[in-house]
1. As a check on your grasp of the helix formula, calculate [θ] at 222 nm for the chain: sum -39500 (n - 2.57) over DSSP H runs of n ≥ 4, divide by the residue count, round to the nearest 500.
2. Could you please state, rounded to a whole Å, how far the C-alpha centre of region 182-214 is from the C-alpha centre of region 345-417?
3. Taking amide H positions as placed 1.01 Å from N in the peptide plane, with prolines and chain starts having none, which residues 5 or more places from residue 67, or on another chain, fall under 5 Å of its amide H?
4. Cα axis of helix 273-283 to longest principal axis of the chain: angle in degrees, 0 to 90, nearest 10?
5. Before anything else, pin down the relative contact order of region 231-353: Cα pairs under 8 Å, at least 6 apart, normalised by residue count, whole percent.
6. Name the aspartates and glutamates eligible as straight-distance cross-link partners of residue 403: C-alpha to C-alpha under 20 Å, and not fewer than 8 places from it in the same chain.
7. In terms of modelled amide H atoms, which long-range or inter-chain residues lie less than 5 Å from the amide H of residue 130?
8. Go through 250/395; 149/250; 363/418; 250/393; 65/89 and tell me which ones have a Cα-Cα distance over 28 Å in this structure.
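Quick note: the coordinates plus some simple rules give every number you see, no bench work behind them. Keep in mind the model is a prediction, meaning the values are calculated, not measured. Because the Cβ atoms are built from the backbone with ideal geometry, glycine has one as well, and the counts that use them run over all protein chains shown.
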Amino acid sequence: MQQKPLAFRMRPRTIEEIVGQEHLVGDGKIIARMVKAKQLTSMILYGPPGIGKTSIASAIAGSTKYAFRTLNAVTNNKKDMEIVAAEAKMSGKVILLLDEVHRLDKAKQDFLLPYLENGMIVLIGATTSNPYHAINPAIRSRCQIFELKPLAPNEVKQALLRALKDEERGYGKEKVDISEEALLHFAQGSNGDVRSSLNALELAILSTDKNEDGVIPIDVETAEECLQKKSLVADKDGDGHYDVLSAFQKSIRGSDVDAALHYLGRLIEAGDLPSISRRLIVIAYEDIGLANPQAGARTLAAIETAERIGFPEARIPLANAVIELCLSPKSNSAVLAIQAALDDIQKGIVGEVPDHLKDAHYKGAKELGRGIGYLYPHDFENGWVPQQYLPNKLKNKKYYQPKKTGKFEQALATVYEKLTRSKK
């Protein structure tokens, strides 16, 4: 029979064997306390792939000695859940790891809910999606929600060394001579995915010939070949995607060119040109705005060029746009102005349109007083005349508050202040 992958074999059997996630399983932390007290409640574990969701579930089962079953919300049907429920009735309690719990349909959910309520099934839902966005409230309200963090390189290294020393489940019986550089590459190159690093280590061991002394030598070149480049998170519904986009915009807003280029690089590696394009246009008008109004047009030109030439060359106009946006003066005065106006409207602070501004292009409008007294600006010097435009209720309101962070908006501010004084 074919041997199961190393990552599967090295899955922790107890809470104490879990690598990382100290904020949940460390001494005195919430999951460790639940296991120690044997007071388990259903929970949802979410975070990137390969960082220990299944490991924690199996370790909880191993630490409590309850029956442990694994199902997938997509591939397993209601019949499979009925089998787990029947086992729970016989044994009193079953821990059910339900992978992709965010994909649970209504029929399966309705079946599970009574068993979650009476505690016969302890659900451990695993998902890479933010449960507050992706999981049905009926399930979510019955579960504790715990976020798992990607493992640090030293934690991945700890898991690798354990696998190399374990004679029962790992390669402790083999003579493996792994260089420190190779070990570091496995630990760092997986971006916190311990499953990926363990399986890459196993591939290196199995695909490398022993030398005349019966030793399996693994150098950094072998490690690079066996640890395939981990794909950056490009799931458009996943947390990682939005986290990178958020960091991208905040880096540009904060004028940090190097950070912005880093996050741009991650989005480029994910091949996500539509998200890059949309976010850059938003940034040009939301964060740079009137401080450098030409940045919007140049950003759009860069995006159109990128879309026309495609990757890899598209990275060049995109980098140009990002650098300009980073180093441009910043102003969100237009965003604040329109939001202030909307806030009043949404609160019902509107007032009636002044009669002299109302439509007068119909028969009988004059009899109603519509348009009477309107002053046509083009009839006056410089195309402007003092006149009330806001409703009476808002006639002294000022929504636009200029930010003098760029020459263009400084000029706008001068005009705005002059006109505002003239209205009084």
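1. -14500 deg cm²/dmol
2. Computed from Cα coordinates, the inter-centre distance equals 71 Å.
3. Counting only residues 5 or more places away or on other chains, the set is 95.
4. The two axes meet at around 40 degrees.
5. Values: 133 pairs, mean separation 32.9, N = 123.
About 27 percent, as a whole number.
6. Candidates past the 8-residue exclusion: 286, 287, 324, 417.
7. Residues meeting the amide H criterion: 239.
8. Working: 250/395 36 Å; 149/250 22 Å; 363/418 38 Å; 250/393 38 Å; 65/89 16 Å.
The pairs that break the limit, which is 28 Å between Cα atoms, are 250/395; 363/418; 250/393.
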